[in-house]
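Colleague: Once you've had a glance at the structure underneath, I'll fire off some questions.
Read-outs throughout are calculated quantities, based only on the coordinates presented, and are distinct from any laboratory measurement. Bear in mind the structure is a predicted one, so any value in this text is a computation, not a measurement. Methodologically, a virtual Cβ is constructed for each residue, glycine included, from the backbone with ideal geometry; neighbour enumeration extends over all protein chains shown.
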Amino acid sequence: MAKKIPPLNALRSFEAAARHCSFRDAADELCVSHSAISHQVKLLERYLDLELFVRKARSVSLTKSGRQYYPVLREAFEKISEGTESLLAPKRPKVLTLQLYSTFAIRWMIPRLSDFQRTHPDVSVRLTMSQSDVDFDHEEVDACIRVGRSGGNNLDHLHLFSNQLFPVCSPRILAQHQLEKPEDLTQAPILQVYPSEADWSTWLEGNGVQGVQPAAGLQFDSYDHALSAALQGVGVALAMQPFVSRELSAGLLVEPFPAHRVDNPNHWYFVTRKDKAQQPKIQKFRDWLQSAIDRDRDIAD
C-alpha cells in the first residue's frame, strides 16, 4: 500500500520555516520568494487539514500540531542529508559543528584540537563561537560545551568538570591597591563579564564581602577579554581554572587571595541532542574530549 507522504516541496518549506521561525529566512535559505514559502506551507496545511503556524503581522510561531510535526521532519531531512553525503563522498571527513564560548575555545580547546584531528582524520571539526546557549531545535549545531546545570528532556549531558571562582590581577594592581584581604577590593577597579554577572556575586557572597559593585566598572562579553584587560593592568578580573594556568605560572597574573576560592555552582557539560548522541562523529569527539580533560592536571587540581 502506498505510504501517505505530503508533497516534498511543501515539507521542505515547512521544515525550514519552523527551524527559523520565519518565512522570510526560510525563503532566503531555499532561494525562493517569501510568497512561495507561504504558498507551500498553506498547501501542506490543506493536505493535512491542520494549522501548523500562528501567523502574526511580523512573525510566525508553531501551533501545537506544528510543534509535534517539526521534530519528525527535522530528523527525516537530517537522515536524508547524512545518507546522501555518505553515498556520494564516503571518504570525505564528516563535519562536526561544535559551539563554544570564546574563552573555552581560545584558552583550552584550540591548542588541543590538532591531537583530535591527528587521531580522527575522518572527522572535521567546525567551531562556532557564542556566549549564548545553543537552541538545538533551530540551530544547525551538533554539540556544544555549556556551563550551567544539566536539564532538558531531549538533551544528552556529559559532565566534564567543576571548578572554582577566584580574583586575579596584574602584579602592579596588586601592589597599587595593597590587596591583602577580600575586603580590599572595595578600592580596586573591578572587571565584569556581563553574560556571567552572577559569578562575581557568588564569590563576594561566599567570602562575606560587601560594598563591591562589579557592574559599576568596565564590562566585557567574555572571560577571555576580561582576563586580557587584567593582564594589561586595567583592574581585577574573576577567573576559573583551567583558563589562567599559563598567566599564573608565568607571574603575569597573580591570585591575591588564594585561600578564598569559591566553588562555581555551575558545571561544565558536553551537550548534544539525545537523538544524535550515538552518531559516530559525536561519540568520537565526546570520548576524546573526556580523555583530554582527564589528562589536564589544572582541571584535576
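Colleague: Quick one: length gained pulling Leu43 to Gln283 fully straight, 0.36 nm per residue minus the C-alpha distance?
Modeller: Details: separation 240, 0.36 × 240 = 86.40 nm, distance 3.95 nm.
In short, 82.5 nm is gained.
Colleague: Leu96's amide H: which non-local residues (gap 5+, or another chain) put their own amide H closer than 5 Å, with H modeled 1.01 Å from N in plane and none for Pro or chain starts?
Modeller: Answer set, sorted by chain and number: Ser124, Val125, Arg126.
Colleague: Could I ask something else about it? What number, in percent, do you get for the relative contact order of the chain if the mean sequence gap of Cα pairs under 8 Å and at least 6 apart is divided by its residue count? Walk me through the intermediate numbers first.
Modeller: Numbers: 431 pairs, mean separation 59.9, N = 301.
Once divided by the residue count of the chain, the mean separation gives 20 percent.
Colleague: Which of the listed residues, Ala226, Cys144, Ile299, is farthest toward the dipole's positive end in the chain, when Lys, Arg count +1 and Asp, Glu count -1 at the beta-carbon?
Modeller: Cys144
Colleague: Given Asn264, Pro71, Leu98, which one lies farthest toward the positive end of the charge dipole of the chain, if we put +1 on the Cβ of every Lys and Arg and -1 on the Cβ of every Asp and Glu?
Modeller: The listed residue farthest towards the positive side: Pro71.
Colleague: Along each of its three principal axes, how wide is the spread of alpha-carbon positions in region 155-301, in whole angstrom units, largest first?
Modeller: 54, 29, 24
Colleague: Between beta-carbons, use under 9 Å as the cut-off and find the net charge around Gln164, counting Lys and Arg +1, Asp and Glu -1.
Modeller: Working: positive: Arg261; negative: Asp263.
Within the 9 Å Cβ shell, the charges total 0.
Colleague: If you place +1 on the Cβ of every Lys and Arg and -1 on the Cβ of every Asp and Glu, how big does the dipole about the Cα centre of the chain come out, in debye to the nearest 20? Spell out each step's value before the answer.
Modeller: Values: 35 positive and 37 negative charges, 259 e Å.
Dipole magnitude for the chain comes out near 1240 debye.
Colleague: Then there is this: From the gyration tensor of the Cα coordinates in region 67-144, what semi-axes in whole Å does the equivalent ellipsoid have, largest first, with each one equal to sqrt(5λ)? Numbers along the way, then the final one.
Modeller: On the way: eigenvalues 128, 86, 7 Å².
Ellipsoid half-lengths, sorted descending, are 25, 21, 6 Å.
Colleague: Something else about it: Which of Pro6, Ala277, Leu179 sits closest to the plus end of the dipole of the chain, meaning its Cα is farthest towards the positive end, when Lys and Arg get +1 and Asp and Glu get -1 on the C-beta?
Modeller: Highest projection toward the positive end goes to Pro6.
Colleague: I would also like to ask the following. So how strong a dipole does region 164-263 carry about its Cα centre when Lys and Arg Cβ are +1 and Asp and Glu Cβ are -1, to the nearest 20 debye? Present the calculation step by step, with values, prior to reporting the outcome.
Modeller: Values: 4 positive and 11 negative charges, 52 e Å.
That gives a dipole near 260 debye.
Colleague: Dimensions of region 8-84 along principal axes (Cα, Å, largest first)?
Modeller: For region 8-84, the Cα extents along the three principal axes come out at 38, 26, 19 Å.
Colleague: Output the peptides 216-229, 126-139 sorted from most to least packed, where packing is the average of other Cβ atoms within 10 Å over each peptide's residues.
Modeller: Values: 216-229: 18.0, 126-139: 14.5.
Ranked by mean Cβ neighbours within 10 Å, highest first: 216-229, 126-139.
Colleague: Something else now. Let me check against my output: what whole-number percent is the relative contact order of region 8-84, with C-alpha pairs under 8 Å and at least 6 apart?
Modeller: The normalised contact order for region 8-84 reaches 28 percent.
Colleague: Have a look at the chain and give its Rg and Dmax from the Cα atoms, expressed in angstrom.
Modeller: 24.1, 82
Colleague: Separate question: Charges at C-beta only: +1 for Lys and Arg, -1 for Asp and Glu. How large is the resulting dipole of region 8-84 about its Cα centre, in Debye rounded to 20?
Modeller: Using Cβ point charges on Lys, Arg, Asp and Glu, region 8-84 gives about 320 debye.
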